[in-house]
Amino acid sequence: MAFDGITIANITKELHDTLLGGRIYKIAQPESDELLLTIKNNGSQYRLLLSADASLPLVYLTNTNKPSPMTAPGFCMLLRKHLQNARITDIRQPGLERIIHLELEHLNELGDICRKKLIVEIMGKHSNIIFCDEADKIIDSIKHISGMVSSVREVLPGRDYFIPQTQNKWNPLEFCAQYTGSSDPIRPSENDQPAEKHFISYVNFQEHMHQKPMPLYKALYSSYTGLSPIMAQEICHRSGVDADMPANVLEDNALHALHDTLSNIMLQIVSGAFAPCIVYDGREPIEFASLSLTLYKDKTIKSFDSVSTVLEQYYAERSIVTRIRQKSVDLRKIVQTALERNVKKYDLQMRQMKDTEKRDKYKVYGELLNAYGYNVEPGAKSMEALNYYTDEMVTIPLDDTLTPQENAKKYFDKYGKLKRTYEALSELTVQVKEEIEHLESILAALDIAQHEEDLVQIKEELIESGYIRRKGGTKKTKITSKPFHYISSDGFHMYVGKNNYQNDELTFKFATGGDWWFHAKQKAGSHVIVKTEGLELPDRTFEEAARLAAYYSKGREQNKVEIDYIQKKHVKKPAGAKPGFVVYYTNYSMAIDSDISGIEPVGD
C-alpha cells in the first residue's frame with residue numbers, strides 16, 4: 001500500500017499522455033479536501049480526482065462522478081474563476097518526489113494569456129493542493145498551513161511556494177546517467193539550493209549505504225527520495241540480498257548487485273516502462289505497485305494497463321474488506337470470548353480426566369487387600385502383595401489407623417468416585433470439544449465474509465446457538481448470502497460454503513449423491529462441492545477443489561493442507577449435530593497447497 005514516488009511517476013506519465021493539451025471543463029469540490037476536474041481532450045472527456053485527505057491522499061483518473069455540495073467552497077470558486085477552460089500545458093514530477101505539477105494556461109479578463117500551477121502534494125497527513133502563479137507565489141490552497149502548525153513551511157496566500165527539504169535524501173533518478181529531469185533534482189545542500197545534477201556512481205552508492213547502520217531495506221528508503229519500504233524490499237529481493245542485513249556491513253558483490261538493480265529500476269521509470277499491478281491473497285488485495293513485484297511469489301499478482309485503474313480498484317476493494325472487518329468486530333468478540341471460555345473449560349476437564357486414570361489402580365488395591373489383608377499386622381503402613389493381573393509385586397500404602405478391610409473400602413470408594421467422574425467427563429469433554437470446533441468454524445466464516453449479508457447469516461447462527469439474544473419482537477432476518485462459485489479448468493462447477501448454514505445447505509440439499517465433497521482434515525473450514533453432472537472428474541479438478549478447501553480453512557497459511565474428499569452419498573449428519581458438522585468413514589485424502597490463483601471465480 002505504498003503511494004510512493006514511483007507510483008506518482010506512473011500517474012504523472014499517465015496524466016501527461018492522456019490530459020496534456022486538454023482543457024478544464026468543470027471544477028468541483030465534493031469534499032473539503034478533494035477536487036474533481038472534468039477535462040476534455042482529443043474528443044474525449046476525463047475526470048481527474050485530486051484528494052489531499054490526510055488518511056488517504058489520491059490522484060487518479062476515474063469514470064465515477066461524485067455529488068458536489070449545493071454551495072461551492074471558496075477554493076473551488078477561486079479555481080473556477082481562474083482555471084475554467086484553462087489549457088494543460090505540462091504535467092511533471094520534480095525528481096521522484098510525491099508531488100505533481102499541473103501547469104495551466106488561461107486568458108484573464110483582458111484576454112491576455114496567464115500561466116498558473118496547480119500543485120498536488122501526496123504526503124500523508126501533510127498532503128495538500130496548492131494553487132500558484134507563474135512565479136511560484138501561492139494564490140490559495142485547499143489546506144492553509146500557518147507557522148503555528150508548521151515551522152518548516154507556511155502554505156498561505158502570498159507566500160512563496162517551495163518544496164521543504166526536511167530529510168537528507170538523494171534523488172534516485174540520478175542513478176541513470178541519461179537522466180535530465182523536467183526540473184532541477186531535489187538534493188540536500190547546505191544553502192537549501194538544488195545541487196548540480198550528476199550521476200550517482202557505485203562509489204557514491206557505497207558511501208550512502210556505509211553511513212547507515214540499519215537494515216538494508218530501511219537504509220535504501222531513508223537514503224533515496226520516492227522509495228517506499230515495500231519497494232526497498234523488492235530491490236533487495238531482486239538483488240538476492242537479505243533485506244534485514246545491516247547496510248554498513250555489506251560486501252562489495254552485494255552492493256554491486258543492489259546498485260545495478262536500483263539503476264535498472266530507475267531506468268524503467270525514466271523510460272516510462274511501468275507495470276502497474278495488484279497483489280492478492282486469495283480475493284483480498286494486500287498490495288499495489290507501479291512495477292512488478294517479484295517479492296510475492298506465493299500470491300496472485302494481477303497486472304493492469306492503467307495505474308488509475310489499479311488505484312481505484314485497490315482502494316475500493318480494500319474499503320470493502322476494511323468495512324466488513326469493522327462490522328464483524330462485535331461478532332468476532334462474542335465468538336472469541338466464548339471460544340476462550342470453552343478452551344479453558346476443556347483444559348480443566350482434560351486435567352480432571354487425567355486424574356481418573358488412577359481409578360483401576362485403586363480397584364486393584366481394594367481387591368488385593370480383601371484377598372491378602374489377613375496377613376497385615378496391626379499398625380502397618382504398607383502391604384506387599386502379588387498383583388494377579390500382571391504377576392508383579394506391588395506395594396499398597398495403608399492408613400495405619402484403619403483395618404485392612406477398612407483400607408480396602410477406602411480404595412473402592414476412591415475407585416467409585418473416579419469412575420463416576422470419568423463417565424461424566426467422557427460425555428462432557430465431547431460436548432465441549434464439539435462446541436470449540438463449532439466456534440472455530442464460525443471464526444473461519446468471519447474470516448472469509450466479504451459482504452454484510454454474509455455477516456447476517458453468521459449472526460443468525462449465533463442467535464440460534466444461544467450466544468446472542470434475539471431482540472423482542474424482531475423476526476428472523478432474511479438471508480441473501482450465497483456460496484462462492486468457481487469453475488474448474490475442466491469446466492466443472494465448484495461451490496464453497498461461506499458459513500455452517502451454507503455448508504449444510506450445499507452438502508445435504510444442493511449436492512446429489514454422485515457429487516464430490518471436500519473438506520480440510522480436522523480443521524475448521526468450508527465444505528466444497530463439485531457438481532459432476534454424472535461425469536467422471538479429471539485429476540486437475542480434484543486438485544483445484546482441494547485447493548479451495550485448503551484456502552477456505554484455518555490451515556490456509558500452511559505450505560500443505562491435508563484434504564479429505566469423498567462422494568457426497570457417503571457424508572452423513574448425526575441427529576442433533578451442530579450446523580456444519582458431518583461424519584464420514586471411507587474417504588480419500590491428499591496434501592495440497594492453498595493457492596487458488598488459477599481458479600476462475602463466478603461472481604460472488
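Any idea which of A9, Y161, F510 is furthest toward the positive side of the dipole for the chain, if Lys and Arg beta-carbons carry +1 and Asp and Glu beta-carbons -1?
So the residue furthest toward the plus end is F510.
If you take the beta carbon distance between E340 and S489 as r and set R0 to 35 Å, what does 1/(1 + (r/R0)^6) give as a FRET efficiency, to the nearest 0.05?
The calculated FRET efficiency here is 0.25.
Classify the stretch 5-141: rounded, prolate or oblate, from the alpha-carbon gyration tensor (a ≥ b ≥ c, eigenvalue square roots; a/c under 1.5 rounded; otherwise prolate if a/b is larger than b/c)?
In terms of gyration-tensor shape, rounded.
Hey, any idea what the orientation-averaged projected area of the convex hull of the stretch 395-513's Cα atoms comes to, in nm²?
Projected over every direction and averaged, the Cα hull of the stretch 395-513 covers 16.0 nm².
With point charges of +1 on the Cβ of Lys and Arg and -1 on the Cβ of Asp and Glu, referenced to the Cα centre of the stretch 342-441, which listed residue (Y365, A408, L386) lies farthest in the positive direction of the dipole?
A408
Starting with the highest mean, order 217-228, 530-541 by the number of other Cβ atoms within 10 Å, averaged over the residues of each peptide.
217-228, 530-541
Given an 8 Å cut-off on Cα distances and at least 6 residues of separation, report the relative contact order of the chain as a percent.
Relative contact order of the chain: 8 percent.
Rounded, prolate or oblate: pick one for the stretch 315-447, where a ≥ b ≥ c are the square roots of the eigenvalues of its C-alpha gyration tensor, a/c under 1.5 means rounded, and failing that, prolate if a/b is larger than b/c, else oblate.
Because a/c hits 1.5 or more and a/b exceeds b/c, the stretch 315-447 counts as prolate.
Could you work out the local net charge near M494, counting Lys and Arg as +1, Asp and Glu as -1, over the other residues with Cβ closer than 11 Å to its Cβ?
Spelling it out: positives minus negatives among the neighbours equals -2.
State, in angstrom, two size descriptors of the chain derived from its alpha carbons: Rg to one decimal place and Dmax to the nearest whole number.
That works out to 35.1, 129 Å for Rg and Dmax.
Using 7 Å Cα-to-Cβ label points, what is the K125/Y467 separation (nm, one decimal)?
Each label point lies 7 Å from its Cα, and together they span 3.7 nm.
Once a ≥ b ≥ c are taken as the square roots of the eigenvalues of the Cα gyration tensor of the stretch 482-601, is the result rounded (a/c under 1.5), prolate (a/b larger than b/c) or oblate (a/b not larger than b/c)?
rounded
Taking the alpha carbon gyration tensor of the stretch 73-174, what are the square roots of 5 times its eigenvalues, largest first, to the nearest whole Å?
Working through the eigenvalues yields semi-axes of 25, 18, 11 Å.
Just grab the label-to-label distance for A424 and S201, each label 7 Å out from Cα along the Cβ direction, in nm (one decimal).
8.6 nm
What order do you get for 373-384, 442-453 when each peptide is scored by the mean count of other beta carbon atoms within 10 Å, highest first?
Descending mean neighbour count gives 442-453, 373-384.
So, R0 is 56 Å and r is the distance between the beta-carbons of E406 and K333; what FRET efficiency does that work out to, to 0.05?
0.55
log₁₀ I(q)/I(0) of the stretch 234-325 at q = 0.22, 0.25 Å⁻¹, via Debye over equal Cα point scatterers, no solvent, to two decimals?
-1.06, -1.19
Given contacts defined as C-alpha pairs under 8 Å and at least six residues apart, what's the relative contact order of the stretch 277-326, whole-number percent?
39 percent
In straight Cα distance, which aspartates and glutamates are under 14 Å from K361, not counting same-chain residues fewer than 8 positions off?
In chain and number order, the partners are E392, D413.
Can you work out ³J(HN,Hα) from phi for every residue in the stretch 269-281, in order, using Karplus 6.51 cos²θ - 1.76 cosθ + 1.60 and θ = phi - 60°, giving whole Hz and x for Gly and Pro?
So the Karplus estimates, Gly and Pro as x, are 5, 4, 7, x, 8, 8, 9, x, 7, 10, 9, 10, 9 Hz.
Considering Cα pairs under 8 angstrom that are at least six residues apart, work out the relative contact order of the stretch 342-441 and quote it in whole percent.
Value for the stretch 342-441: 38 percent.
Quote the FRET efficiency, to the nearest 0.05, computed for L78 versus V249 with a Förster distance R0 of 41 Å and r equal to the Cβ-Cβ distance.
Once rounded, the FRET efficiency stands at 0.15.
Tell me the net charge near D4. Cut-off is 13 Å between Cβ atoms, D4 excluded, with +1 for each Lys or Arg and -1 for each Asp or Glu.
With Lys, Arg at +1 and Asp, Glu at -1, the net is -1.
Using 7 Å Cα-to-Cβ label points, what is the K299/N375 separation (nm, one decimal)?
Between K299 and N375, the label points sit 7.6 nm apart.
Specify which residue in the list L258, I458, T62 is farthest towards the positive end of the charge dipole of the chain, using unit charges on the beta carbon of Lys, Arg (+1) and Asp, Glu (-1), about the Cα centre.
Farthest towards the positive end: I458.
Taking the highest mean first, how do the peptides 511-523, 353-365, 317-329 order by number of other beta carbon atoms within 10 angstrom per residue?
Highest to lowest by the protection proxy: 511-523, 353-365, 317-329.
Suppose every Lys and Arg Cβ carries +1 and every Asp and Glu Cβ carries -1, with no other charges. What dipole size does the stretch 5-141 come out with about its Cα centre, to the nearest 20 debye?
Charge dipole of the stretch 5-141: 340 debye, to the nearest 20.
Within the stretch 543-596, list the chymotrypsin sites (Phe, Trp or Tyr not before Pro) lying in a DSSP loop whose Cβ has at most 11 other Cβ atoms in a 10 Å radius.
Within the stretch 543-596, the qualifying chymotrypsin sites (Phe, Trp or Tyr not before Pro) (loop, at most 11 other Cβ atoms within 10 Å) are Y585.
Using 31 Å as the Cα-Cα cut-off, could you pick out the over-long pairs in K333/K578; K125/K212; K417/K554?
Table pairs above 31 Å Cα-Cα are K417/K554.
Rounded to the nearest 20 debye, what is the charge dipole size of the chain about its Cα centre when +1 sits on each Lys and Arg Cβ and -1 on each Asp and Glu Cβ?
My answer is approximately 2220 debye.
Using each residue's phi in the stretch 122-132, evaluate 6.51 cos²θ - 1.76 cosθ + 1.60 at θ = phi - 60° and report the 3J(HN,Hα) Karplus result to the nearest Hz, with x for Gly and Pro.
9, 9, x, 5, 9, 4, 7, 10, 10, 9, 10
At 222 nm, what helix-only mean residue ellipticity would the chain give, in deg cm²/dmol to the nearest 500, using -39500 (n - 2.57) for each DSSP H run of four or more?
When only DSSP H runs of four or more count, the value is -11500 deg cm²/dmol.
Each value in this text was obtained by applying a stated rule to the coordinates, not by laboratory testing. As the structure is a computational prediction, the values presented were derived from the model and not from experiment. Cβ sites come from the backbone with ideal geometry, for glycine too, and all protein chains shown count toward neighbours.
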